[in-house]
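Some notes on the structure that comes next.
No lab work stands behind these numbers, since they all come straight from the coordinates. On a predicted model such as this, the values are computed, not experimentally measured, just so you know. All Cβ positions, glycine included, derive from the backbone under ideal geometry; neighbour counts span all protein chains shown.
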Amino acid sequence: MTPPTLAMERTALAWRRTSLGAAGCALLFAHQVTADGWPTNALPMVAAVLSLLLSFLGWFRGRALHHGRVAAGRPVVTAAAAAVGLVALIAFTGLLVTRLID
């Protein structure tokens, strides 16, 4: 294993920022579920759950890197990218549906 470097520290901080941003998105989607305006609550609820899972994933990956545990990161990065893509697709779909109804 390689010793902790500044690059690993920056990567750990980036994962923590990602987890905080995902937690914020989860809160916004959860607020959207409770507010009127969306024709269905299923899409924002799925996006909130995915964002919350991404938040936990980013937090734990950041902690692992901060403590010098460099495991295979490819599955984590792939899962994070897929979650971000799905959340963005859900948000875009919700925006289009809302615009078409109004």
Quiz item: Quick one: how many residues across segment 67-97 are over 17 Å from V46 (Cα atoms) and in contact with a Phe, Trp or Tyr (Cβ under 7 Å, 6 or more places away or on another chain)?
Solution: 0
Self-check item: Members of segment 50-102 that are surrounded by fewer than 12 Cβ atoms within 10 Å (Cβ to Cβ) and in a helix (DSSP H, G or I)
Solution: R74, P75, T78, A81, G85, F92, L95, L96, R99, L100, I101
